[in-house]
Amino acid sequence: MKNLKMTIVLATMTLVAISCGPKKTTENVEEEKVAPKMLVLYYSQTGNTKAVATEIATKLGADIEEIVPVQLYDGDFQATIERGKKELDEGAFPEIQPIKADVNKYDVIFIGYPVWFGTYAPPVITFLNQVDLNGKKLVPFCTFGSGGLESSTKDLAEAEPNAEILLGYGVRAARLDAMPKEIDQFLKAGGFIEGEYTKLEEFPEQHPVSEEEAAIFDTAVYGYPMIHAKATTVASRIIPEGTEYLFTAVDSPREEKPDMPPAGEMQVYVTVTGDQAPVFTKVIR
Ligand SMILES: Cc1cc2nc3c(=O)[nH]c(=O)nc-3n(C[C@H](O)[C@H](O)[C@H](O)COP(=O)(O)O)c2cc1C
């Protein structure tokens, strides 16, 4: 009887202890769920990627830091091409200033860069080589002359096999005006900020280009020296601003540059808004 009484007392005490323990309120459970720590890290030589990084960090209210090479790339375009190419060819990447942020503290890291030779610029390679990003969610973003988000994202996935690479954002340097609105949609679609966004329909199947569609393609790429191609097939879809075309095009040899081999087949995205001239938004080679 005495034992039974003791057992009842102990059991009651245990129950009281459990119910008095630290309790998770609905609010702090919610907070843990919706507030991953986010950092925006970027390299930018001429300011384009910096503009995108600033826009992202401002919209997220996230911490932001620039990756700064010890020896700046402060030569002209040709000098930068030569130095960058040499570094890539030799695998000798530039030293960078120590990163002040403790990346271990963050769950999601937005990594921004200009596309150089189809991938992220060498200071970002140095950063990736020296920092442990295992288990992080990485969001690539970039600026480029014609394209490179897809190829650089693939390289990032290879360089960081133990990180989760999320869908990235890329914009042509010539279209930076369109960037703030696109970033807003991008961050909402990724669930990083709240708000409505337009989910675009898939492109339908490609069909051979009509004369009118070929003219849209030619106008969009006219004067851009890196594209010397003719459209073969196309598909289009409605977007909030107008119509978006996805062209398949084939590069042709350049008489003036016989040493530059044709790049083969490429995908070219073109947007037509109202009565404005068609513009290409990115090329995937
Ligand atoms: C060395 C070098 C290589 C580049 N390679 C490419 C490239 O492969 N593809 C491309 O579309 N643009 C290329 N660009 C253009 C840059 O990506 C573009 O100007 C970018 O917006 C610069 O960003 P920043 O102002 O943040 O430095 C290259 C520019 C430089 C200087």
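A short reminder: the numbers here are calculations on the coordinates, not readings from a lab. Everything quoted here is computed from the prediction, not taken from an experiment. So basically every Cβ, Gly included, is an ideal-geometry build from the backbone, and we count neighbours across all protein chains shown.
Give me the extension gain from GLU211 to LYS86: residue separation times 0.36 nm, minus the current Cα-Cα distance, reported in nm with one decimal. Before the final figure, lay out the partial values.
Values: separation 125, 0.36 × 125 = 45.00 nm, distance 4.34 nm.
Extra length available between GLU211 and LYS86 comes to 40.7 nm.
Give me a comma-separated list of calculated 3J(HN,Hα) values for the stretch 278-285, in order, Karplus coefficients 6.51, -1.76, 1.60 applied at θ = phi - 60°, integers in Hz, x for any Gly or Pro.
For the stretch 278-285, the Karplus-derived couplings read x, 10, 8, 9, 6, 10, 10, 9 Hz, x marking Gly and Pro.
Along the charge dipole of the stretch 61-147, which of VAL139, TYR73, ILE125 sits closest to the positive end, that is, farthest toward it, with unit charges on the beta carbon of Lys, Arg, Asp and Glu (+1, +1, -1, -1)?
VAL139
Starting with the fewest neighbours, write out ASP177, ASP63 ranked by other beta-carbon atoms found within 10 Å of each beta-carbon. Let's see the in-between values first.
On the way: ASP177 8, ASP63 15.
Ordered by Cβ neighbours within 10 Å, fewest first: ASP177, ASP63.
Report, in debye and to the nearest 20, how large the dipole of the stretch 174-234 comes out about its Cα centre when Lys and Arg carry +1 and Asp and Glu carry -1 on their Cβ. Walk me through the intermediate numbers first.
Details: 5 positive and 12 negative charges, 54 e Å.
It works out to roughly 260 debye.
Where the only charges are on Cβ atoms (+1 Lys, Arg; -1 Asp, Glu), what is the dipole of the stretch 97-172 about its Cα centre, to the nearest 20 debye?
Working: 6 positive and 8 negative charges, 47 e Å.
Computed charge dipole of the stretch 97-172: roughly 220 debye.
How big is the equivalent ellipsoid of the stretch 47-145 along its three axes, where each semi-axis is √(5λ) from the Cα gyration tensor, reported in whole Å from largest to smallest?
On the way: eigenvalues 110, 51, 29 Å².
Taking √(5λ) for each eigenvalue gives 23, 16, 12 Å, largest first.
What ranking do 186-195, 162-171 get when scored by the average of other Cβ atoms within 10 Å per residue, highest first? Walk me through the numbers on the way to the answer.
Working: 186-195: 14.9, 162-171: 17.2.
Result, highest mean first: 162-171, 186-195.
Once amide H atoms are built 1.01 Å from N in the peptide plane, which residues 5 or more positions from LYS282, or in another chain, come under 5 Å H to H?
It is TYR269, by chain and number.
Please give the direction-averaged projected area of the C-alpha convex hull for the stretch 134-285, in square nanometres with one decimal. Present the calculation step by step, with values, prior to reporting the outcome.
Numbers: hull surface 42.7 nm².
Over every viewing direction, the Cα hull of the stretch 134-285 projects on average to 10.7 nm².
In nm, to one decimal, how far is the modelled label at LYS59 from the one at THR243, with both set 7 Å along Cα→Cβ?
With each label point 7 Å from Cα toward Cβ, the separation is 2.8 nm.
Hand me the GluC sites (Glu not before Pro) from the stretch 52-133 located in a DSSP loop with no more than 16 other Cβ atoms within 10 Å, in residue order please.
Values: sites: GLU55, GLU65, GLU66, GLU82, GLU87, GLU90, GLU95; in loops: GLU95.
Of the GluC sites (Glu not before Pro), the ones in loops of the stretch 52-133 whose Cβ has at most 16 other Cβ atoms within 10 Å are GLU95.
For the stretch 84-134, what number results from the quotient of the Cα radius of gyration and 2.2 N^0.38 Å? All intermediate terms of the calculation are to be shown ahead of the outcome.
Working: Rg = 12.0 Å, N = 51, 2.2 N^0.38 = 9.8 Å.
In units of the 2.2 N^0.38 Å rule of thumb, it is 1.22.
Given charges of +1 on the Cβ of Lys and Arg and -1 on the Cβ of Asp and Glu, with all other atoms neutral, how large is the dipole of the stretch 32-134 about its Cα centre, in debye to the nearest 20?
Numbers: 9 positive and 15 negative charges, 57 e Å.
Using only the charged Cβ atoms, the result is roughly 280 debye.
I'd like to know which of LEU88, TRP116, ALA163 lies farthest towards the positive end of the charge dipole of the stretch 68-163, counting +1 on Cβ of Lys and Arg and -1 on Cβ of Asp and Glu.
Toward the positive end, the furthest listed residue is ALA163.
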